[in-house]
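K.L.:
Dumping the structure here so I can ask a few things about it.
The values are calculated or read from the model by the stated rules, or taken from the named source; none is laboratory data. Predicted model, so just to flag it, every value in this text is computed and none were measured. Reconstructed Cβ throughout: ideal geometry from the backbone, glycine too, with neighbour counts over all protein chains shown. Just so you know, the surface numbers come from the protein's heavy atoms only, side chains and all, with ligands and any DNA or RNA stripped out. Shrake-Rupley method; radii C 1.70, N 1.55, O 1.52, S 1.80 Å.
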Amino acid sequence: MFASWVLLPVVLLALSAGCGLAITRAAGGGVPRPLVLPLGFAGTVVLAGLATASAATAGLAAPLVLAVAVTGFLVAPDRLAWVPDRWAALAALGVYLVFGAPVLASGSASFTGYIQLDDIATWLAMTDQVFANGRDFSELGPSSHRRTLGEYLPGGYPVGAFLPLGLGSEFLLGRDIIWLFAPTMALTSALLALTLTSIVTPLLASPLARAAVAFVAAQSGLLVAYAEWGAIKEVTAALLVALTAALAPTLVQREVPARNAARRALPLAVAIAATVAALSFGGGVWVAPVVVIALLGARAHPRALLVSAPALAVGVLVLSIPSLVLIDNFYFAVKGSGSVLRAPTELGNLRAPLPFEHLLGIWPAGDFRSTPKQAALTNFLLTVLVIVGAAGLAVALQRRAGALLAYTAGGVLACAFLVSRGSPWVDAKAMATASPMVLTAGLALLGWIATERYRGAARALAVVAFAALATGVLWSNVLGYANSYVAPAGQIAELEAAGDRLAGQGPTLMTEYEPYGVRHLLRKADGEGASELRDRLIPLRDGSQLPKSASADITAFDPAALREYRSLVLRTGPFTSRPPSAYARIEAGTSYDVWQRPAAPPEQPVSDLPLGVGGDPGAVPDCSAVRRLAQDAGPGGRLVAVARETPVVLPLGTAALSGGLEPHPGDPRFVVPKDDGSLTADVSVPSRGDYAVWLGGSTRGRTTVRIDGRETGSVRGRLNNQEGTMRFGLIRLPAGAHRVEITYSDGGPAPGQRGQDSQPLVLGPLALAPREAPLEPFSVRAADAGSLCGRHLDWIEAHAG
């Protein structure tokens with residue numbers, strides 16, 4: 001946690017401060033103090049983008065940014081010019097904590113959006129690649145990682161939003177970028193808050209009032225909700241669009257001599273180039289109306305504008321060369337009406353197109369795709385916000401507050417254009433980026449009334465309205481926090497360790513749908529997912545393919561396809577079969593076991609018989625099938641098998657349920673936790689022994705298992721993909737009947753505790769698995785095949801003599 005949430009921000013802020021000072025010095029000054037850090041952040045995007053544009057220079061990205069940052073500190077007349085006032089700093093810190101709250105409260109360095117979207121896995125893959133070798137991945141072996149890159153990089157997909165993340169990883173050696181993703185996004189949002197303090201300065205002289213506006217507006221409900229889905233592009237775009245609006249008026253200030261106007265174009269050119277690097281041609285859609293309105297609304301010096309406009313154009317073109325080289329590829333990839341970005345039916349993970357009211361940043365529904373339960377109150381707050389937002393624009397126009405006018409009016413115009421042209425999925429992303437805009441204008445107006453213009457009843461009314469709107473925003477985010485999906489850090493760490501151990505020992509197969517594993521963490525082991533993007537076909541025994549997001553037991557796959565994989569990373573659990581005899585377990589984990597065969601594939605069986613079905617990893621084979629295997633092996637052959645014991649399985653839907661535990665409507669194995677509740681049932685074990693306690697599904701709150709009154713284990717906040725299980729300890733039981741009690745509680749301050757209304761997760765079934773010796777295969781002569789009849793086995797292989 002310390003490296004991710006403390007050291008990383010320090011590193012990125014130091015780089016941003018140095019680069020901001022360097023750009024300010026090169027521009028001859030004129031950059032407001034609150035904008036130096038955001039400008040430097042944009043500078044790191046531009047510099048890293050220039051370096052990573054080529055495989056030959058990708059390794060120079062971090063040294064280049066460091067060199068510019070050091071130079072900035074050396075040449076700056078005031079080396080503390082990047083330090084904002086204390087209120088602005090507190091606002092930024094508060095926003096950082098708001099965006100980071102779900103992960104910070106979980107107690108582990110992790111990220112949000114797990115099992116909701118797999119986009120983060122793709123962003124991690126791309127970030128690692130561009131810093132390692134630019135967009136050239138020709139030297140990579142077949143893998144889900146390579147296939148993922150092939151879906152995005154050749155088409156010119158913009159990577160600017162991911163570059164600060166990669167820079168942080170370059171300077172924090174030994175930390176995989178998966179642990180830095182959430183704090184990088186939180187830091188970006190904090191810089192947005194700093195930028196907003198500058199935008200509202202023409203209306204608000206009070207640093208406290210500016211900070212209050214920025215603190216609330218930067219955490220608009222839809223932007224926070226998208227951040228909890230891993231939307232680093234939208235958060236970065238929100239910052240860069242605001243930065244562009246804040247810097248545009250400085251281009252034409254009256255006090256700037258015409259001879260210096262060309263230099264003064266540099267900061268704005270950096271902001272625009274960074275926006276294009278993050279969004280490709282979409283960045284131009286955002287910045288064009290913002291810059292035009294800013295220039296019209298500011299007190300423009302005609303001679304300065306005449307000089308600075310061409311300088312700005314040249315600066316943007318030069319700094320955007322890496323983006324412009326690829327912009328045609330990306331444009332033609334998405335321009336078709338059937339593309340993900342434009343198809344009118346493309347919802348992505350939405351349930352329906354989002355109403356435009358989401359643009360206003362107040363939506364207290366937990367899951368932003370749902371309708372707020374307090375609809376009347378929500379509509380009242382939105383109406384108030386529209387009124388004060390419009391009035392704020394009028395005051396901004398009257399007072400020539402060009403940045404505020406450009407940010408709100410220009411940003412909303414750009415958003416409206418994108419919504420008119422994009423798919424519902426893109427519309428929602430555009431609204432997330434624009435969602436702080438109307439809030440900023442409305443809250444700035446209320447702050448202006450309360451601190452600058454009026455007294456008495458008008459001031460009191462403005463304070464009440466400000467508090468009401470702020471409460472609506474915070475209310476939206478508290479509900480979103482309770483609905484967050486925090487990734488299981490321990491489970492992800494096991495995959496990271498497996499990737500390090502298996503580096504260079506691939507190819508590696510995962511039969512569980514786990515995009516974070518195969519797209520990123522197992523990249524050095526050429527990981528592939530059976531239901532993921534992949535280069536090799538991995539057919540099931542019937543010749544079909546697993547559909548996307550599905551999982552299957554290792555014995556379900558065609559043995560010939562498995563032989564391609566030297567290593568396997570498989571989920572642990574009571575129903576998981578042992579891999580073929582050629583593989584040996586080299587690492588046993590809590591969530592994953594790592595298996596490997598020799599580099600030179602050993603002799604393969606001539607035939608095999610998988611026996612596990614459903615809730616049992618094994619079965620008793622039919623003797624006629626065993627004899628057929630003996631015939632396949634031949635007179636001198638042998639049969640290899642693995643003995644398994646049958647777990648005792650309790651379908652939770654058949655238990656006595658109370659409280660908020662409800663039976664699953666379509667499957668008696670599961671229950672759906674809607675609120676605090678419990679269940680009880682009796683199970684019988686056949687013999688005395690140690691039993692591992694397993695529970696399938698996911699738990700948002702705390703789930704505790706007791707057997708005969710003894711607690712075996714308690715788990716909180718563990719999310720799983722399909723077919724995942726959780727271990728709840730080991731218990732010794734005598735033969736006979738036992739009382740099982742499972743309690744579920746979703747109260748308390750932990751993140752993700754109250755999300756069942758929006759996306760119910762299931763629990764079940766419970767399994768008591770006899771503690772088994774290591775699953776070592778044994779063999780018998782083909783002539784003695786009858787000795788396998790009547791035994792409970794995982795599988796049998798026939799090997800020729």
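K.L.:
If R0 is 41 Å, what FRET efficiency do you get for GLU587 and SER787 from their C-beta distance, rounded to 0.05?
P.N.:
0.80
K.L.:
Please report the relative contact order for the chain, taking Cα pairs under 8 Å with a sequence separation of at least 6, and give it as a percent rounded to a whole number.
P.N.:
That works out to 13 percent.
K.L.:
At most 15 other Cβ atoms within 10 Å and a DSSP loop assignment: could you name the trypsin sites (Lys or Arg not before Pro) in segment 416-497 that fit?
P.N.:
Sparse-neighbourhood loop trypsin sites (Lys or Arg not before Pro): ARG455.
K.L.:
Here's a follow-up. Give the carbon-plus-sulfur fraction of the accessible surface of segment 505-567 in %, rounded to a whole number; probe 1.4 Å, heavy atoms of protein chains only.
P.N.:
52 percent
K.L.:
Using only the alpha-carbon atoms of segment 468-580 as identical scatterers, what base-10 log of I(q)/I(0) does the Debye formula give at q = 0.14 Å⁻¹?
P.N.:
Debye curve over Cα of segment 468-580, log10 I(q)/I(0) at q = 0.14 Å⁻¹: -0.61.
K.L.:
Would you give the gap between the C-alpha center of segment 541-601 and the C-alpha center of segment 175-235, rounded to a whole Å?
P.N.:
Answer, in whole Å: 44.
K.L.:
Let me ask something else about it. Over the Cα atoms of segment 398-463, what radius of gyration and what Dmax do you get, in Å?
P.N.:
For segment 398-463, the Cα radius of gyration and maximum Cα-Cα distance read 15.3, 48 Å.
K.L.:
If you don't mind, there's one more thing I want to ask. Note the direction-averaged projected area, equal to a quarter of the hull surface, for the Cα convex hull of segment 74-161, in nm².
P.N.:
9.9 nm²
K.L.:
Right, next: In terms of the Cα gyration tensor, with a ≥ b ≥ c the square roots of its eigenvalues, is segment 1-141 rounded because a/c is under 1.5, prolate because a/b exceeds b/c, or oblate?
P.N.:
Because a/c hits 1.5 or more and a/b fails to exceed b/c, segment 1-141 counts as oblate.
K.L.:
Could you check the spin-label model distance between THR471 and GLU151? Points 7 Å from the Cα along Cα→Cβ, value in nm.
P.N.:
Placing both labels 7 Å beyond Cα along the Cβ direction yields 4.5 nm.
K.L.:
Label point 7 Å out from ALA800 along Cα-to-Cβ: which residues of segment 579-613 have amide N under 11 Å?
P.N.:
604-607
K.L.:
Shape call for segment 607-748 from the C-alpha gyration tensor, a ≥ b ≥ c root eigenvalues: rounded (a/c under 1.5), prolate (a/b greater than b/c) or oblate?
P.N.:
Since a/c reaches 1.5 and a/b is larger than b/c, the shape of segment 607-748 is classed as prolate.
K.L.:
Starting from the Cα-Cα distance between ALA67 and GLU452, subtract it from 0.36 nm times their residue separation and give me the gain in nm to one decimal.
P.N.:
134.2 nm
K.L.:
Accessible area of segment 658-801 with a 1.4 Å probe: how many percent of it is carbon plus sulfur?
P.N.:
Answer for segment 658-801: carbon and sulfur cover 46 percent of the accessible area.
K.L.:
Could you work out how far helix 258-279 tilts from the main Cα principal axis of the chain, as a 0 to 90 degree angle to the nearest 10?
P.N.:
Tilt of helix 258-279: around 20 degrees.
K.L.:
Then there's this: Between SER206 and ASP85, how many nm apart are label points set 7 Å from Cα along the C-beta direction?
P.N.:
Once both label points are built, they end up 1.1 nm from each other.
K.L.:
Quick check: at a probe of 1.4 Å, how many percent of the accessible area of segment 96-197 sits on carbon and sulfur atoms?
P.N.:
C and S atoms contribute 50 percent here.
K.L.:
Rounded to the nearest whole Å², what accessible area per residue is found for segment 550-645 with the 1.4 Å probe?
P.N.:
Averaged over the residues of segment 550-645, the accessible area is 41 Å².
K.L.:
Express the relative contact order of segment 128-230 as a whole percentage, based on alpha carbon pairs under 8 Å and six or more residues apart in sequence.
P.N.:
About 18 percent, as a whole number.
K.L.:
For the chain, what is the calculated [θ] at 222 nm in deg cm²/dmol (nearest 500), taking -39500 (n - 2.57) for each run of four or more DSSP H residues and dividing by its residue count?
P.N.:
-14000 deg cm²/dmol
K.L.:
Can you figure out the FRET efficiency of LEU74 with GLU603, using R₀ = 56 Å and their beta-carbon distance, to the nearest 0.05?
P.N.:
Efficiency computed from Cβ-Cβ geometry: 0.25.
K.L.:
Relative contact order for segment 343-447: what percent, with Cα pairs under 8 Å and sequence separation of 6 or more?
P.N.:
Once divided by the residue count of segment 343-447, the mean separation gives 43 percent.
K.L.:
Moving to a separate point now. For the pair VAL292 and ILE387, what calculated FRET efficiency results from E = 1/(1 + (r/R0)^6), where r is the Cβ-Cβ distance and R0 = 30 Å, to the nearest 0.05?
P.N.:
About 0.70, to the nearest 0.05.
K.L.:
Could you tell me what percent of the DSSP beta bridges with both partners in the chain are antiparallel, to the nearest 5?
P.N.:
95 percent
K.L.:
Quick check: residue separation of ALA394 and SER420 times 0.36 nm, minus the Cα distance between them. What number comes out in nm?
P.N.:
6.8 nm
K.L.:
Do any cysteines of the chain lack a neighbour Cys whose Cβ is under 4.7 Å away, and which are they?
P.N.:
Unpaired cysteines in the chain: CYS19, CYS415.
K.L.:
Taking the Cα centre of segment 726-800 as the origin, how large is its charge dipole in debye, to the nearest 20, when only Lys and Arg (+1) and Asp and Glu (-1) carry charge on their Cβ atoms?
P.N.:
The calculation lands at about 220 debye.
K.L.:
A follow-up question, please. Hey, any idea what the orientation-averaged projected area of the convex hull of the chain's Cα atoms comes to, in nm²?
P.N.:
That works out to 35.3 nm², a quarter of the Cα hull's surface.
K.L.:
List the residues of segment 686-722 whose backbone N lies under 15 Å from a point placed 7 Å from the Cα of LEU730 along the Cα-to-Cβ direction.
P.N.:
Within reach of a label on LEU730, which here means backbone N under 15 Å from a point 7 Å along Cα→Cβ, segment 686-722 contributes 689-694, 712-713.
K.L.:
At 7 Å along Cα-to-Cβ for each site, give me the label-to-label distance between GLN374 and ASP622 in nm.
P.N.:
Going from the GLN374 label point to the ASP622 one covers 6.4 nm.
K.L.:
Summing Lys, Arg as +1 and Asp, Glu as -1, what charge do residues with Cβ under 11 Å from the Cβ of MET185 carry, MET185 excluded?
P.N.:
-1
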